[in-house]
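The values are calculated or read from the model by the stated rules, or taken from the named source; none is laboratory data. Because the structure is a prediction, the values reported are computed rather than measured. A quick note on method: Cβ atoms are made from the backbone with ideal geometry, for glycine too, and the neighbour counts reach across all protein chains shown. Surface accessibility is based on the protein's heavy atoms, side chains included, excluding ligands, DNA and RNA. Shrake-Rupley method; radii C 1.70, N 1.55, O 1.52, S 1.80 Å.
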Amino acid sequence: MKFKTIIEPFRIKTVEPIRRTTRKERELALREAGYNLFLLKAEDVLIDLLTDSGTGAMSSAQWAGMMQGDESYAGAKSFYRFETAVREITHLKHIIPTHQGRAAERILFGSLLKPGDIVPNNTHFDTTRANVEYRGATALDIPIPEARQPQLRHPFKGNMDLNALEHVLKENPGRVPIVMLTVTNNSGGGQPVSMANIRAVSEICHKYGVLFFLDACRFAENAWFIKTREEGYADKSPREIAQEMFSYVDGCTMSAKKDGMANIGGFLALNDDELAQKCKNMLILTEGFPTYGGLAGYDLEAIAVGLHEVLDEDYLRYRVRSVEYLGEKLVAAGVPIVEPVGGHAVYIDALTMLPHIPQNEYPAWALSCVLYLEGGVRSVEIGSVMFGRQPDGSEKPAPMELVRLAFPRRVYTQSHVDYLCEVITYVHGLRERVRGVRMVESPPVLRHFTARFEPAHGSLIVA
Ligand SMILES: *Cc1c(COP(=O)(O)O)cnc(C)c1O
């Protein structure tokens, strides 16, 4: 290619204004929200990087597809278009639509797990962990050791530790019904998993007669990393790479709010007939009939088109590059982040940035509040608030304290990213004055969504 600038591979057809607020207004909003960014009103946020889940912009082709939604209760045309789109990528036998990823998790684990079971994963996502633990089973994270050193660069830092996996399977016969592998590894920094690792995990699982599923939410971004980083894949298309990834598994769970490029939706796909029948029965109980699974016909259409668009090379190149662009600027400014930069998000390493805040005062949580206070930016903590509480009710500090800046797909432009970089660099300059928070109210499960906090030392930033 003659020109090096990677442009947004789309033009903007519809715009949505975003609203500036004053620092005073944000201070008040933060206090009213109990210092929990999940409890803010979205209109009080300038740049919203809380999540890349369901927050993307749909294409004109997706909107056009939605007009063709077939809302028949059973056997709708939209279901068959959706099923074909999923099958062409995964080649899995049973495709079960759900309203989002966690419903697929609940149905799968509800059909498969019993108390005392163990589910290994490179790193469980929060809802995945919660759904495993809800069944009385143990969610075991076994990423490669490199994954826990934020600044250590490794091309496939999302890989699973194969020795650890083999050990768990050998030591716990009959207690591990399924192994999950999250691509890309969201809670571990959005890091990719190599094809070699997927293949090896598959071989080990099948040697022990254990099911192997992908948590496939960002399968397309993972395919792009394989194409650009793993030997032998440079000339393959993202679709071919994705097909190979799925060829090693017995099934997958998927949130279509990520690489489905839709605002809602998900699915469970698997080969085993008996397990699929059990899952479909559970689906009918809480989600709906198996040809819509909690979705409208038009949602199924949006996902069918989205699954096609997400594998476009221009899109993936822009997607991964635009996130990396922010990462490079932050590294240049001396801000500690997880390196290399992952597919959908930049993760600030709050333990390194704020060494004076003890983990029981939640440094990453405090930092995310300060980013909002100073710049109107909403991020999310992935640290001891999200993962610190153990199933027995005790507290254990999370291995890392991260602030995740997740990018909605096709939503923000380069100037938004430049603004962000300015805000983060400014806050980095204030870091010695930033103080921690204290949790004053906390619900029993997934506490980060609704817990309330107070500054532990009178204020988030001291003089
Ligand atoms: C988002 C996500 C889920 C859950 O999907 P929802 O659609 O939010 O229910 C599961 N695993 C991973 C890795 C995710 O990123």
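A few notes on this one:
- Enumeration of residues in segment 418-449 that are under 18 Å from Ser368 (Cβ atoms) and among the hydrophobic types (A, V, I, L, M, F, W, C): Leu420, Cys421, Val423, Ile424, Val427, Leu430, Val434, Val437, Met439, Val440, Leu446, Phe449
- Just one of the listed residues (Lys93, Lys2) is basic (Lys, Arg) and either under 30 Å from Leu300 (Cβ atoms) or at pLDDT 95 or above (or both), and it is Lys93.
- Residue in segment 177-185 that is under 23 Å from Val132 (Cα atoms) and over 22 Å from the mean Cα position of the chain (by Cα) present: yes
- Selected residue (criterion: farthest from Ala406 (Cα to Cα)) from residues of segment 1-39 that are touching a Cys at 6+ places or on another chain (Cβ under 9 Å) and either assigned to a loop (DSSP other than H, G, I, E, B) or open to solvent by 60 Å² or more (accessible area, probe 1.4 Å) (or both): Tyr35
- Only a single item in (1) crowded, with 20+ Cβ neighbours inside 10 Å; (2) touching a helix residue (DSSP H, G or I) at 6+ places or on another chain (Cβ under 9 Å) is not met by Ala147, and it is number (2).
- Among the residues of segment 157-186, those that are open to solvent by less than 10 Å² (accessible area, probe 1.4 Å) and within 16 Å of the ligand (Cβ to nearest atom) comprise Lys157, Gly158, Met160, Ile178, Val179, Met180, Leu181, Thr182, Val183, Thr184, Asn185, Asn186.
- Annotation note: of Glu361, Glu381, the sole residue that is open to solvent by 10 Å² or more (accessible area, probe 1.4 Å) and of a type outside the set (A, V, I, L, M) is Glu361.
- Extreme residue, farthest from Asn36 (Cα to Cα), among residues of segment 316-341 that are in contact with a helix residue (DSSP H, G or I) (Cβ under 7 Å, 6 or more places away or on another chain) and open to solvent by less than 10 Å² (accessible area, probe 1.4 Å): Leu316
- For segment 40-50, the criterion of being free of Cβ contacts under 8 Å to residues at least 40 places away in the same chain, open to solvent by 10 Å² or more (accessible area, probe 1.4 Å), within 16 Å of the ligand (Cβ to nearest atom) and of a type outside the set (Lys, Arg) is met by no residue.
- Taken over segment 424-451, the criterion of being modelled with pLDDT of 95 or more and either surrounded by fewer than 19 Cβ atoms within 10 Å (Cβ to Cβ) or over 18 Å from Leu30 (Cβ atoms) (or both) is satisfied by Thr425, Tyr426, His428, Gly429, Leu430, Arg431, Glu432, Arg433, Arg438.
- Pair list, Cβ < 6 Å and 6+ apart or interchain, from segment 160-188 residues that are touching a residue at least 40 places away in the same chain (Cβ under 8 Å) to residues that are within 15 Å of the ligand (Cβ to nearest atom) and acidic (Asp, Glu): Met180/Asp215; Thr182/Asp215; Thr184/Glu221
- Pairs where the first residue, in segment 8-35, is within 16 Å of Arg452 (Cβ to Cβ) and the second is of a type in the set (S, T, N, Q) and surrounded by 13 or more Cβ atoms within 10 Å (Cβ to Cβ), C-beta under 8 Å, 6+ apart: Ala29/Thr21
- Residue match in segment 141-154 (condition: out of contact with any Phe, Trp or Tyr (no Cβ under 8 Å at 6 or more places or on another chain) and more than 30 Å from Met353 (Cα to Cα)): no
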